[in-house]
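Trainee: Okay, here's the structure, questions in a sec.
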Amino acid sequence: MISHWLKPEIRQSAGYPILLLGGVALLVSTAIGIANFGTHADIAQRQLEDLQVTLQQVVPAEYYDNEPVRDTVTIQEGDRSVQVYRARRKGQVQAVSFRTTAPGYGSSEMVLIVGVDRDGKLLGVRVISHAETPGLGDKIETSKSNWILGFTGRSLSDPPPAGWGVKKDGGVFDQFTGATITPRAVVKSIKGGLEFFATHRAVLLDEASGGHDQ
Amino acid sequence: MNDYRGIFADGLWNNNVVFAQMLALCPLMAVTSTATNGLGMGLATTAVLLASNIVVSSLRHWIAQEVRIPVYVLLIASLVTLADMAINAWLHELYKVLGLFIPLIVVNCCVLGRAESFASKQPVSAAAADGLAMGLGLTLALVLIGACREILGSATLFSHASLLLGPAFTFLETTLIKDYHGFLLMLLPPGGFLVLGFLLAGKRVIERVAEVRGVKEEFHCSVQ
């Protein structure tokens, strides 16, 4: 049956396996290339929607009339770059949101998103991804506990710098029963985010060169 | 003539991927913290198994013995990549639940195992049936283990099923005990091993009972 397609002498030649492997590799890469072309716009759109949903959680809708996901500025800090999303109303930046990271318990990183208003006050914080122990460290999620909501309204001066820690370290924020490392890292990371905002405030609020677009 | 009944009996019970072949244990431990996750992973794996069995079976006359394993790996890896892209683009809610685990299908040895031991020697229709049967058997095992762990671990069943199957399936989501404080061990990997161990023992008992009954019936027949 297959003899029409493939002569035995070809099949038994030394080069056949190589050709076969190469051929299959070519075939599947073409298929993946085509699929990538077909799905990549959809995937980008879905990711943008996801980001939009996340940003809405940390910056309330009344702060903006633009599309913060499309109004971004990238700040280079050390070896990492931070993308900042600006929420504007009537052209003026009212609030910004950006990601910040914290070392988790174990080897993985936690990623947080924070929303900060013009005056450096926190509008909201959410943990986007983490690998903390279920039942112990995962109380940083809103679905498990309200803990993360306690940061709303805080700023670098409220509590004063010495208070920016968990209670065990003399700060004002609660730790969880059985887990201190996770909340400690989150508190530190949020404080770092606020300091980042304070350092780059003028640029983030788009007021670096006199407060309007050229 | 192929014995489709036999193929399905093998896939679902006699030669079940998890309960008999003891394959696919790594993704099993990772995803079965809830029944819904198990179902999603099972269905995604079934799709890949079906596709890989069909492709491998239809290429079986061309594939040279010496390079068959690399060829299978290439084919399976690209099928999984395609599934990953498709789910990300068009079933995004599901992707958010399962996203991390879909690439894991590549290392699920049952896919390569079926390609090597069945699809490479059988006609396309039988290979497709085998892929489907093995996939469904795996799905069954994943849902069963997921359900046990979810009930013991958080006293819910099929939580977030509507994310996976659409809003019409919200009725599946049950909370068995309100204010349950959770049994953490069941949600962590050791819980998976414990549940798997008990289910394996249960399967043995059932088979044992069936065997004893079979012997008795035979005995009755011969007496008559």
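Readers should treat all values here as calculations from the given coordinates under stated rules, not as data from a laboratory. Keep in mind that what you see is a predicted model, and the values were worked out from it rather than measured. Cβ atoms come from the backbone with ideal geometry, glycine included; neighbour counts cover every protein chain shown.
Trainee: Check A:GLN175 against each of (1) free of Cβ contacts under 8 Å to residues at least 40 places away in the same chain; (2) surrounded by fewer than 15 Cβ atoms within 10 Å (Cβ to Cβ) and name the one condition it does not meet.
Mentor: (2)
Trainee: To continue, here is another question. Considering only the range A:72-99, how many residues are among the hydroxyl-bearing types (Ser, Thr, Tyr) and crowded, with 23+ Cβ neighbours inside 10 Å? I'd like the intermediate steps shown before the answer.
Mentor: Pass one, the range A:72-99, residues among the hydroxyl-bearing types (Ser, Thr, Tyr): A:72, A:74, A:81, A:85, A:97.
Then keep just the ones that are crowded, with 23+ Cβ neighbours inside 10 Å; that gives A:85, A:97.
Residues that pass the stated criteria total 2.
Trainee: I would also like to ask the following. Scan B:ALA86, B:ALA51, B:ALA141 and give me the residue that is of a type in the set (A, V, I, L, M), over 27 Å from B:GLY191 (Cβ atoms) and buried (at least 19 other Cβ atoms within 10 Å of the Cβ).
Mentor: None of the other options fit; the residue is B:ALA51.
Trainee: Looking at the range A:131-180, which of its residues are touching a strand residue (DSSP E or B) at 6+ places or on another chain (Cβ under 9 Å), within 24 Å of B:LEU188 (Cβ to Cβ) and of a type in the set (A, V, I, L, M)?
Mentor: If the condition is that a residue be touching a strand residue (DSSP E or B) at 6+ places or on another chain (Cβ under 9 Å), within 24 Å of B:LEU188 (Cβ to Cβ) and of a type in the set (A, V, I, L, M), then A:ALA131, A:LEU136, A:ILE140, A:ILE148 are the ones that fit.
Trainee: Give me the residue from the range B:52-106 that is of a type in the set (A, V, I, L, M, F, W, C) and not in a helix (DSSP H, G or I) and, out of that set, farthest from A:ASP42 (Cα to Cα).
Mentor: B:ALA64
Trainee: Filter the range A:110-138 down to residues that are surrounded by fewer than 16 Cβ atoms within 10 Å (Cβ to Cβ) and within 11 Å of the chain's Cα centre (by Cα) and give me whichever is farthest from A:GLY153 (Cα to Cα).
Mentor: For the range A:110-138, the residue satisfying everything is A:SER129.
Trainee: When you scan the range A:115-135, how many residues do you find that are farther than 15 Å from A:TRP147 by Cβ and assigned to a strand (DSSP E or B)?
Mentor: Matching residues across the range A:115-135 total 6.
Trainee: I would also like to ask the following. Would you pick out the residues in the range B:41-78 that are of a type in the set (S, T, N, Q), within 16 Å of B:ASN108 (Cα to Cα), in contact with a Ser or Thr (Cβ under 9 Å, 6 or more places away or on another chain) and away from every other protein chain (no Cβ under 12 Å)? Explain how you work it out, then say what you get.
Mentor: So the first thing to find is which residues in the range B:41-78 are of a type in the set (S, T, N, Q), and the list is B:45-46, B:52-53, B:57-58, B:65, B:78.
Those still in the list that are within 16 Å of B:ASN108 (Cα to Cα) too: B:45-46, B:52-53, B:78.
Cutting the leftovers down to in contact with a Ser or Thr (Cβ under 9 Å, 6 or more places away or on another chain) gives us B:45-46, B:78.
Within the range B:41-78, B:THR45, B:THR46 qualify.
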